[in-house]
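The values are calculated or read from the model by the stated rules, or taken from the named source; none is laboratory data. Keep in mind it's a predicted model, so treat the numbers as computed, not measured. Cβ coordinates were reconstructed from backbone atoms using ideal geometry, including for glycine residues, and neighbour counts include every protein chain displayed.
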Amino acid sequence: MEHLPAGNRAHEMPDTILMWINELQNNIDNIFELFGEDLYEAENLLSSDAFNNLCESLQAGVEHALDGFVKWMDVWTHLPLSICRLGGNHGPDFACAFLQVFYSRPESYSPTLQEKSYTEFLQEDVTNHNQNTFGLLKALSNHDFYKQFNNFADSDGREPWKFPLVYEFIKCRIYSIIVHQQQLEGLFNRYDIKVHPNMDTELQQARIQLSGLDGGIEKVTQEKLRHNRKEIRVSSSNSNVESDNCLESSAERAQAILNTFLTMRQNR
């Protein structure tokens, strides 16, 4: 795991997503902990009504952020992406939970918090008829793999290579997954100028400049945007004319070939 390329961190995603969701949920009820000194300073500067409105707005903003985050990222906590946990620090706990849900294996003598959580999520997946497991169920139909998987579930997870069949599954199915979706969405969001309907033109321009990957985008103005759109429309129009001309010339060549062919047939 220490030598995986950058971006190959799918084995960390499911548990990290749960951690972030819990943090956002806690922040909703603890706005002061999230914004710290800024809120304490605002409390001294604003009236009580204005300060209460500010706190309510911040709380609503965190709730909105949580809803959006769960909408896009909750897939990592369910099948098939939850299988990635096998390659993480709590792989054996997930293996135990998986065997309990799909093979009715007895619960551990002292199940960990992770094992209980994983079992609940897997049971929810089964209830929702979601049993896509990245081929894990198929692999477990092999007796040798099933035996090693059981032993892996009872291990501490620090040396997964001691279970060659399970480790091969982890390397080929999990460690090869590149986590790039969030990076791409983040890049697109940086250039989303329609964040709020009340945002004025100057603020939109400033936001684009500040969000530039190279530290700033120079001379971004509405006039320049309109000019670029006009050029695109003209270019598109010219392309259509050229396309029509090409079609006409192609039709003329086709007709010439046809006439030649018919003339040759008639002469014969």
Open item on the list: For the range 13-40: of the residues being of a type in the set (A, V, I, L, M, F, W, C) and over 30 Å from SER176 (Cα atoms), which is surrounded by the fewest Cβ atoms within 10 Å (Cβ to Cβ)?
Closed with: PHE32
Task: Test: VAL101 is free of Cβ contacts under 8 Å to residues at least 24 places away in the same chain, touching a helix residue (DSSP H, G or I) at 6+ places or on another chain (Cβ under 6 Å) and closer than 30 Å to GLN148 by Cα - done: no
Task: Conditions (1) in a helix (DSSP H, G or I); (2) under 24 Å from ILE177 (Cα atoms); (3) touching a helix residue (DSSP H, G or I) at 6+ places or on another chain (Cβ under 8 Å): number failed by LYS138 - done: (3)
- [ ] Report yes if LEU54 is crowded, with 16+ Cβ neighbours inside 10 Å, at negative phi and free of Cβ contacts under 8 Å to residues at least 24 places away in the same chain, otherwise no.
- [x] yes
- [ ] Being in contact with a Leu (Cβ under 8 Å, 6 or more places away or on another chain) and in a helix (DSSP H, G or I) is the filter; apply it to the range 121-135 and report the residue that is farthest from THR16 (Cα to Cα).
- [x] ASP125
Open item on the list: Suppose we filter TYR109, TYR118 for residues that are without any contact (Cβ under 8 Å) to a residue 12 or more places away in the chain and either out of contact with any Asp or Glu (no Cβ under 8 Å at 6 or more places or on another chain) or part of a helix (DSSP H, G or I) (or both); which single one remains?
Closed with: TYR109
Open item on the list: Against the definition (modelled with pLDDT of 95 or more, surrounded by 22 or more Cβ atoms within 10 Å (Cβ to Cβ), under 28 Å from SER176 (Cβ atoms) and out of contact with any Asp or Glu (no Cβ under 9 Å at 6 or more places or on another chain)), how does PHE98 come out, yes or no?
Closed with: yes
